[in-house]
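Since the structure comes first, as structure tokens, the remarks are kept for the end.
The values are calculated or read from the model by the stated rules, or taken from the named source; none is laboratory data. Just so we're clear, the structure is a prediction, and the values are computed from it rather than from any experiment. Cβ coordinates were reconstructed from backbone atoms using ideal geometry, including for glycine residues, and neighbour counts include every protein chain displayed. Just so you know, the surface numbers come from the protein's heavy atoms only, side chains and all, with ligands and any DNA or RNA stripped out. Shrake-Rupley method; radii C 1.70, N 1.55, O 1.52, S 1.80 Å.
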Amino acid sequence: MDCCVIPLRHGGLSLVQTTDFFYPLVEDPYMMGRIACANVLSDLYAMGITECDNMLMLLSVSQKMNDKERERVMPLMIKGFRDAAEEGGTSVTGGQTVVNPWIIIGGVATVVCQPTDFIMPDSAVPGDVLVLTKPLGTQVAVNAHQWLDMPEKWNKIKLVVSREEVEQAYQEAMFNMAMLNRTAAALMHTFNAHAATDITGFGILGHARNLAQQQRSDVAFVIHNLPIIAKMAAISKACGNRFGLLQGTSSETSGGLLICLPREQAARFCEGAAEGQQAWIIGIVEKGNRCARIIDKPRIIEVPPRGSIGGAQEGGSNNTNTPSPGDIQSTVVN
């Protein structure tokens, strides 16, 4: 599970808690703080929990930074983390700061709740469909942005993508990583979600496999569609698939929720997403031996950055057809 769930001694309540931390991966210290907080809270949201009682912040200050750098960077990271926590309806009341060779940021999220407040991730059944709430490709976007200043690496991808497209993809990735999965967590209750997890370091396939293994029924997850930030699939191919993006193994940071929903509820879930929230039907749940796979030639859904011209046009498209096992229809709501 994404969180530990501990029944308390009193009142039929449970303590739900999670922790996460990582190194910076974007250039903006404030956005890095927001991403770190969103990533911690996402584990709660993956269990359908929408409220967090308390957060702690874990912060490692690099000993390689001089005083001026520390005084400029670290307050921005802290502010970003606190602002995201406030957006999630909670606050940071403490934590730990250390000096370390590397910058590290993360935290702990804690909530005390009723059993009805969370959804155990173990009830998927054949006939369910798989929904994803953020596009893939953050690792590729971040790396491609770094390569803008590295001629030997930029030369490998410049024939398939422009500098402007890389910049737009990077901004989109940063925006997505900083976005809370709170709306999706609330919709999980409304539309009777059977199981969910969030997509992070092991990629879409790694987390799908982990979720499949937790199911009580004999099921298998089959992924037909891969929503990917525009141009990131082309970059991955140009690099010899070094990221494993099309194979589902590319690392994501603060990714979307992968949710198992009843077939008749999935399209309505996507329609119910709040403004700015995205959602796609990407696959099906069938009978199997608790495994997950991506079909040989998955459909790549190019997700235009919101700042691009095509982004506004794509956002107006809303295909809410209920998918059948032989014909998975993508559903996107921006």
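Scanning the range 45-71 for residues that are more than 16 Å from P101 (Cβ to Cβ), without any contact (Cβ under 8 Å) to a residue 60 or more places away in the chain and in contact with a helix residue (DSSP H, G or I) (Cβ under 8 Å, 6 or more places away or on another chain) turns up C52, M55, M57.
Working carefully through the options Y45, Y23, Y30, find the one that is assigned by the TED database to the domain that holds T93 and touching a Leu at 6+ places or on another chain (Cβ under 6 Å). Explain how you work it out, then say what you get.
Values: Y45 fails: touching a Leu at 6+ places or on another chain (Cβ under 6 Å); Y23 fails: touching a Leu at 6+ places or on another chain (Cβ under 6 Å).
Exactly one residue qualifies, and that residue is Y30.
Of all the numbered requirements in (1) within 22 Å of A195 (Cβ to Cβ); (2) in contact with a Lys or Arg (Cβ under 8 Å, 6 or more places away or on another chain), D83 misses one, and that requirement is (1).
Considering every residue within the range 184-193, establish whether at least one is under 19 Å from G137 (Cβ atoms), within 13 Å of the chain's Cα centre (by Cα) and open to solvent by less than 10 Å² (accessible area, probe 1.4 Å). Yes: the range 184-193 contains one or more residues that are under 19 Å from G137 (Cβ atoms), within 13 Å of the chain's Cα centre (by Cα) and open to solvent by less than 10 Å² (accessible area, probe 1.4 Å). Just to be sure I understand, how many residues within the range 82-127 are open to solvent by less than 40 Å² (accessible area, probe 1.4 Å), within 30 Å of Q214 (Cβ to Cβ) and not charged (D, E, K, R)? Adding up the residues that qualify gives 19.
Can you find a residue in the range 163-172 that is in contact with a helix residue (DSSP H, G or I) (Cβ under 6 Å, 6 or more places away or on another chain) and open to solvent by 30 Å² or more (accessible area, probe 1.4 Å)? Let's see the steps before the verdict.
Restricting attention to the range 163-172, the residues satisfying the condition of being in contact with a helix residue (DSSP H, G or I) (Cβ under 6 Å, 6 or more places away or on another chain) are 166, 169-170.
Those still in the list that are open to solvent by 30 Å² or more (accessible area, probe 1.4 Å) too: none.
There is no residue in the range 163-172 that is in contact with a helix residue (DSSP H, G or I) (Cβ under 6 Å, 6 or more places away or on another chain) and open to solvent by 30 Å² or more (accessible area, probe 1.4 Å).
Here is a check on your reading of the model: is I204 open to solvent by less than 10 Å² (accessible area, probe 1.4 Å) and touching a His at 6+ places or on another chain (Cβ under 8 Å)? The answer is no for I204.
Picking from I295, I282, which residue would you name as being surrounded by fewer than 19 Cβ atoms within 10 Å (Cβ to Cβ), in contact with a His (Cβ under 7 Å, 6 or more places away or on another chain), farther than 28 Å from K158 by Cβ and touching a residue at least 24 places away in the same chain (Cβ under 8 Å)?
Details: I282 fails: surrounded by fewer than 19 Cβ atoms within 10 Å (Cβ to Cβ).
The match here is I295.
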